[in-house]
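To start, the structure itself, in structure tokens.
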Amino acid sequence: ASILVLNGPNLNLLGVREPAHYGRVTLAAIEQELRTIANAAGHQLDFVQSNAESDLVEAIHQAGRDGVRFIIINPAAFTHTSIALRDALLAVAIPFIEVHLSNIYAREPFRAHSYFSDIAVGVISGLGAKGYALALQAALGRLDQEPT
Ligand code: DQA
């Protein structure tokens, strides 16, 4: 796949989990929308969701071996805790966009710090499920400007 979409803990519960923060759209519906956009642009997407930090680290390493060219990641709660995931992204040096459904700056203070934002290409926070599609459009635009 040319683009990997990574989702962290509890995002498998999208649609039922705290809808006031995260909306009613399921992760399956988000993935379906993204697949449609990517396929129309001639790109392949891979999706990984895990509740385990180690699985996400391994998925990033695998992306490095597979030649994945761009990552869209919602690290979920690991946003605020995981130096290991940050280091994995630095290790593979694959450009990435950080996505959050909720506006992490408008919630508890501990959510305002991200271990990813300063090394991301860009950050989308607070636009709900649409944030993923916007990130994908940005990623596709960048890939089309690069030599393959
Ligand atoms: C989240 C925001 C995080 O603070 C939270 O832990 C999540 C989801 C979001 O998409 O808004 O699980 O990343």
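The values are calculated or read from the model by the stated rules, or taken from the named source; none is laboratory data. Nothing here was measured: the structure is a model prediction, and the numbers come from that model. Methodologically, a virtual Cβ is constructed for each residue, glycine included, from the backbone with ideal geometry; neighbour enumeration extends over all protein chains shown.
Could you tell me whether segment 36-48 includes any residue that is under 28 Å from residue 109 (Cβ atoms) and not in a loop (DSSP other than H, G, I, E, B)?
Within segment 36-48 (the criterion being under 28 Å from residue 109 (Cβ atoms) and not in a loop (DSSP other than H, G, I, E, B)), the answer is no, since none of the residues qualifies.
Is at least one residue of segment 128-148 of a type in the set (Val, Ile, Thr) and surrounded by 14 or more Cβ atoms within 10 Å (Cβ to Cβ)?
No.
Quick check: is even one residue across segment 75-82 within 20 Å of residue 10 (Cα to Cα), within 16 Å of the ligand (Cβ to nearest atom), among the aliphatic types (A, V, I, L, M) and outside any loop (DSSP other than H, G, I, E, B)?
Restricting attention to segment 75-82, the residues satisfying the condition of being within 20 Å of residue 10 (Cα to Cα) are 75-82.
Retained after the next criterion (residues that are within 16 Å of the ligand (Cβ to nearest atom)): 75-82.
Filter again for among the aliphatic types (A, V, I, L, M), leaving 76-77.
With the extra rule that they be outside any loop (DSSP other than H, G, I, E, B), the set shrinks to 76-77.
Yes; the residues of segment 75-82 include at least one that is within 20 Å of residue 10 (Cα to Cα), within 16 Å of the ligand (Cβ to nearest atom), among the aliphatic types (A, V, I, L, M) and outside any loop (DSSP other than H, G, I, E, B).
Of all residues in segment 1-52, how many are of a type in the set (Lys, Arg) and in contact with a strand residue (DSSP E or B) (Cβ under 8 Å, 6 or more places away or on another chain)?
Going through segment 1-52 one residue at a time, the tally reaches 1.
Of everything in segment 90-104, what is under 12 Å from the mean Cα position of the chain (by Cα) and either more than 8 Å from the ligand (Cβ to nearest atom) or without any contact (Cβ under 8 Å) to a residue 12 or more places away in the chain (or both)? Give them in sequence order. Let's see the steps before the verdict.
Going residue by residue through segment 90-104, those that are under 12 Å from the mean Cα position of the chain (by Cα) are 95-101.
Passing the criteria: 95, 96, 97, 98.
Within the set of pairs 6+ apart or on separate chains, which have a first residue in segment 127-148 that is more than 15 Å from residue 71 (Cβ to Cβ) and touching a residue at least 24 places away in the same chain (Cβ under 8 Å), a second that is assigned to a helix (DSSP H, G or I) and acidic (Asp, Glu), and C-beta atoms under 7 Å apart?
Qualifying pairs under 7 Å: 133/33.
If I ask for residues that are buried (at least 19 other Cβ atoms within 10 Å of the Cβ) and either near the ligand (Cβ under 9 Å from one of its atoms) or assigned to a helix (DSSP H, G or I) (or both), which ones from segment 65-74 would you list?
First pass over segment 65-74, keeping only residues buried (at least 19 other Cβ atoms within 10 Å of the Cβ): 68, 70-74.
74, the sole residue that qualifies.
Quick one: which residue in 112, 93 is at pLDDT 95 or above, surrounded by fewer than 17 Cβ atoms within 10 Å (Cβ to Cβ) and over 20 Å from residue 45 (Cα atoms)?
Only one candidate passes the filter, namely 112.
Would you mind finding the one in 6, 14, 27 that is buried (at least 19 other Cβ atoms within 10 Å of the Cβ), within 13 Å of the ligand (Cβ to nearest atom), free of Cβ contacts under 8 Å to residues at least 60 places away in the same chain and under 15 Å from the mean Cα position of the chain (by Cα)? Before you say what the answer is, go through the steps one by one.
Values: 6 fails: free of Cβ contacts under 8 Å to residues at least 60 places away in the same chain; 14 fails: free of Cβ contacts under 8 Å to residues at least 60 places away in the same chain.
When all the criteria are applied, what remains is 27.
Here are some residues: 143, 134, 90, 127. Which one is of a type outside the set (Lys, Arg) and under 23 Å from residue 57 (Cβ atoms)?
Checking each option against the conditions leaves just 90.
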